[in-house]
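A.B. asks: So that we are looking at the same thing, I have put the structure below in structure tokens.
The values are calculated or read from the model by the stated rules, or taken from the named source; none is laboratory data. These numbers come from a predicted model, not from an experiment. Positions of Cβ are generated from backbone atoms using ideal geometry, with glycine treated the same way; all protein chains shown enter the neighbour counts. Just so you know, the surface numbers come from the protein's heavy atoms only, side chains and all, with ligands and any DNA or RNA stripped out. Shrake-Rupley method; radii C 1.70, N 1.55, O 1.52, S 1.80 Å.
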Amino acid sequence: MAEGQAARRGAVVLLQEVTAKGRTIAEILSDAENPLKELSPQDRARAQRLALDTLRRIDSCDEVIARQAERRPGLFVLNILRLATTELSLRPKDAHGIVSEAVNLARGDDRSAQAAGFVNAVLRKVASSNLRFEPQRLPSWLRQPLVQRFGKAAVRAMEEAHMAGAPIDITPKDPARAAELAERLEGDLLSTGSIRLSAGAQVSALPGFAEGEWWVQDTAAALPAKILDVQPGEKVLDMCAAPGGKTMQMAAAGADVTALDMSAKRMERLAENLARTGLSAQQVVADALAYGVPNQFDAVLLDAPCSATGTIRRHPELPFIKDPADLKAQSRLQAQMIDQAVYVLKPGGRLVFCTCSLLPEEGEEQMASALSRHKNLQRDQKAVAGWPGAWDAKGGGLRLRPDHMAQEGGMDGFFIAAFRKDG
Ligand SMILES: C[S@@+](CC[C@H](N)C(=O)[O-])C[C@H]1O[C@@H](n2cnc3c(N)ncnc32)[C@H](O)[C@@H]1O
């Protein structure tokens, strides 16, 4: 098989699973039947990168293909064309090789063998078209509320950030050694305290990974635990904990952490992460809505399940596989979780609520409605002070967006609110 062909085949299989079945890449790869499991680590990484690059441009690819094709191809053939069109847009100088590898790919599968000539003809025309793609527009169910809240220019900037993808950030187990670790890993120490690695790093092979000196965590995702600022010995509940990024931050700070999550499978990953980093926490698999007794915890971190629309840079398939009809139920669950968090907090205790969502109904609106439901709950603006003013959310809390820190490579979208229960 020609160099790169295994990775291309893997990329088309991923695209097929996403577009035919509406599954996320993460779900596909965590399957026992992971379709990339036979590939070398390099080819696996390359297949994923190609699939993600294609998903970030899928609308533009479809437009170009529709202009050049006389008929609409079946989905598998279309995915071969989408992949090759993406590659042509990124590496136009390699057009000859890209077209011939796409034709070979088509020949090698029963679903596309008969269309090999068609693939060749379409891609030759695509290769000579203008392939400078604009950032992909979000679907209207997501774009509309974001434009309403943040304005058109901001949404455009977010779409640009989605197109650019995301770097790898890591959180050091010992924040005091961040500068030294950044140097060792040849990364950049960000003003937030995270270390940003150069693109293409193979994480598990880097110094300090096996020894558990750090873990991968987007810089925005590392902020909620910093804001909760747990102290040694404090009794803390991480209410939706798996796979454990925030549990590890709080355990590393010396708190007595209870890590709770409803998913036993995800809790296995949390246990592995704790074992690798040599940190400890009580691990509970349970429904957060039915866990705990009143006045039990000094602090609660609630990283609630959400639309994950703040992570589109890493998961470009989300906008078109998410069902907006699920949003209402999810936002109701978030409110119930906040109520339960307030219930288990001691008087005077602190709560940080966050979601990796861009949608106000999973962020700003949750904060306002929590304050109106709980008269014994106050905003804790001091806790969220000290970050760039552009991150302040209207009405309190922090609104982090993918177009923030653009010069340094962006950040995931998050909403973070800090509260204190009356003493
Ligand atoms: C955003 S993720 C948490 C990420 C985690 N805090 C971290 O930093 O690694 C949300 C989690 O909520 C969990 N979850 C969803 N519904 C739940 C419930 N009713 N009770 C407990 N956990 C729940 C999911 O299994 C998922 O692991």
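A.B. asks: Sequence-distant or interchain residues sharing an amide H contact under 5 Å with residue 355, placed H: which?
C.D. replies: Here 415 satisfy the definition.
A.B. asks: Name the residues whose placed amide hydrogens come within less than 5 Å of the amide hydrogen of residue 392, ignoring near sequence neighbours (fewer than 5 apart) on the same chain.
C.D. replies: Amide H to amide H, under 5 Å and 5 or more residues apart or across chains, residue 392 pairs with 399.
A.B. asks: Whole-Hz Karplus ³J(HN,Hα) for segment 359-368, in order, using 6.51 cos²θ - 1.76 cosθ + 1.60 and θ = phi - 60°, x for Gly and Pro?
C.D. replies: 7, x, 5, 9, x, 3, 6, 5, 4, 4
A.B. asks: What does the charge dipole of segment 219-421 about its Cα centre add up to, to the nearest 20 debye, if the Cβ of each Lys and Arg holds +1 and the Cβ of each Asp and Glu holds -1? Walk me through the numbers before you get to the answer.
C.D. replies: Details: 23 positive and 23 negative charges, 72 e Å.
That gives a dipole near 340 debye.
A.B. asks: Just 359, 351, 146 to compare: in a GNM of the chain, with alpha carbon springs under 10 Å, which one fluctuates most?
C.D. replies: 146
A.B. asks: Can you give the FRET efficiency to the nearest 0.05 for residue 336 and residue 49, using r as the Cβ-Cβ distance and R₀ = 45 Å? List each step's numbers first, then the result.
C.D. replies: Details: r = 39 Å, r/R0 = 0.86.
The computed FRET efficiency comes out at 0.70.
A.B. asks: Sticking with this structure for a sec: For segment 406-413, just list the computed ³J(HN,Hα) in residue order, Karplus coefficients 6.51, -1.76 and 1.60, θ = phi - 60°, integers in Hz, with x standing in for Gly and Pro.
C.D. replies: Each residue's phi maps through the Karplus curve to give 4, 4, 8, x, x, 8, 5, x Hz.
A.B. asks: Continuing with this model, one more query. Tell me, what is the FRET efficiency for residue 390 and residue 144 to the nearest 0.05, using R0 = 25 angstrom and their Cβ-Cβ distance as r?
C.D. replies: Details: r = 23 Å, r/R0 = 0.91.
Plugging the Cβ-Cβ distance into 1/(1 + (r/R0)^6) gives 0.65.
A.B. asks: Same structure, new question: Label 7 Å along Cα→Cβ of residue 153; segment 394-423 residues with amide nitrogen under 16 Å?
C.D. replies: 403-406
A.B. asks: Spin-label point model (7 Å from Cα, Cβ direction): what's the residue 203 to residue 328 distance in nm?
C.D. replies: Computed distance between label sites residue 203 and residue 328 equals 3.6 nm.
A.B. asks: Would you mind working out the magnitude of the charge dipole of segment 276-389 relative to its Cα centre, with +1 at each Lys and Arg C-beta and -1 at each Asp and Glu C-beta, to the nearest 20 Debye?
C.D. replies: On the way: 12 positive and 12 negative charges, 64 e Å.
I would put it at about 300 debye.
A.B. asks: Name the lysines eligible as straight-distance cross-link partners of residue 93: C-alpha to C-alpha under 20 Å, and not fewer than 8 places from it in the same chain.
C.D. replies: Hits, sequence-local ones excluded: 125.
A.B. asks: Please compute the net charge surrounding residue 101, taking Lys and Arg as +1 and Asp and Glu as -1 over other residues with Cβ under 9 Å from its Cβ. Intermediate values should be presented prior to the final figure.
C.D. replies: Working: positive: 8; negative: 87.
Combined, the nearby Lys, Arg, Asp and Glu give 0.
A.B. asks: If the limit is 31 Å between Cα atoms, which of 246/375; 173/375; 37/226; 226/394 go over it? Each step should come with its number before you reach the end.
C.D. replies: Values: 246/375 28 Å; 173/375 37 Å; 37/226 37 Å; 226/394 21 Å.
From 246/375; 173/375; 37/226; 226/394, over 31 Å: 173/375; 37/226.
A.B. asks: Separate question: On the protein heavy atoms, probe 1.4 angstrom, tell me the percent of accessible surface of segment 225-264 carried by carbon and sulfur.
C.D. replies: On the way: 610 of 1160 Å².
C and S fraction of accessible area: 53 percent.
A.B. asks: Relative contact order for the chain: what is it in percent, counting Cα pairs under 8 Å that are at least 6 residues apart? Show your work: numbers first, answer last.
C.D. replies: Values: 740 pairs, mean separation 55.3, N = 423.
Relative contact order for the chain comes out at 13 percent.
A.B. asks: Most mobile of 79, 295, 130 per a Gaussian network model of the chain (Cα springs, under 10 Å)?
C.D. replies: Its mean-square fluctuation being the largest, the pick is 130.
A.B. asks: Would you kindly compute the Cα radius of gyration of the chain and its largest Cα-Cα separation (Dmax), both in Å?
C.D. replies: When restricted to Cα atoms, the chain yields Rg and Dmax of 22.9, 74 Å.
A.B. asks: Holding the Cα-Cα limit at 19 Å, pick out from 235/265; 265/322; 346/421; 265/346 the pairs that are longer than that.
C.D. replies: Values: 235/265 25 Å; 265/322 22 Å; 346/421 8 Å; 265/346 30 Å.
Distance filter (> 19 Å) returns 235/265; 265/322; 265/346.
A.B. asks: A further question on this structure: Got the relative contact order for segment 316-377 handy, in percent, Cα pairs under 8 Å and 6 or more residues apart? Mind dumping the intermediate values first?
C.D. replies: Values: 21 pairs, mean separation 19.5, N = 62.
Reported relative contact order: 31 percent.
A.B. asks: With a probe of 1.4 Å, find how much accessible area segment 5-128 has per residue, and write the answer as a whole number in Å². If you can, show how the numbers build up before the last one.
C.D. replies: Values: 5870 Å² over 124 residues.
Value for segment 5-128: 47 Å² per residue.
A.B. asks: Then there's this: Take the alpha-carbon centre of segment 1-77, take the same for segment 315-332, and report the distance between them in whole Å.
C.D. replies: 22
A.B. asks: Follow-up. At a Förster distance of 51 Å, what's the computed FRET efficiency of residue 37 paired with residue 422, Cβ-Cβ distance as r, to 0.05?
C.D. replies: Efficiency for this residue pair is about 0.45.
A.B. asks: Something else: Counting only protein heavy atoms, what percent of the accessible surface of segment 5-128 is carbon or sulfur at a 1.4 Å probe?
C.D. replies: On the way: 2770 of 5870 Å².
Exposed carbon and sulfur together represent 47 percent of the surface.
A.B. asks: HN-Hα J couplings of segment 32-42 from phi, Karplus 6.51/-1.76/1.60, θ = phi - 60°, integer Hz, Gly and Pro as x?
C.D. replies: 4, 8, 2, x, 9, 5, 7, 7, 5, x, 5
A.B. asks: On average, how much area does the Cα convex hull of segment 5-128 cover when viewed from any direction, in nm²?
C.D. replies: Details: hull surface 28.4 nm².
Computed as one quarter of the Cα hull surface, the answer is 7.1 nm².
A.B. asks: Give me the extension gain from residue 27 to residue 121: residue separation times 0.36 nm, minus the current Cα-Cα distance, reported in nm with one decimal.
C.D. replies: 30.4 nm
A.B. asks: Let me ask something else about it. Amide H neighbours of residue 241 under 5 Å, counting only residues 5+ apart in sequence or on other chains, H built in-plane at 1.01 Å?
C.D. replies: 260, 261
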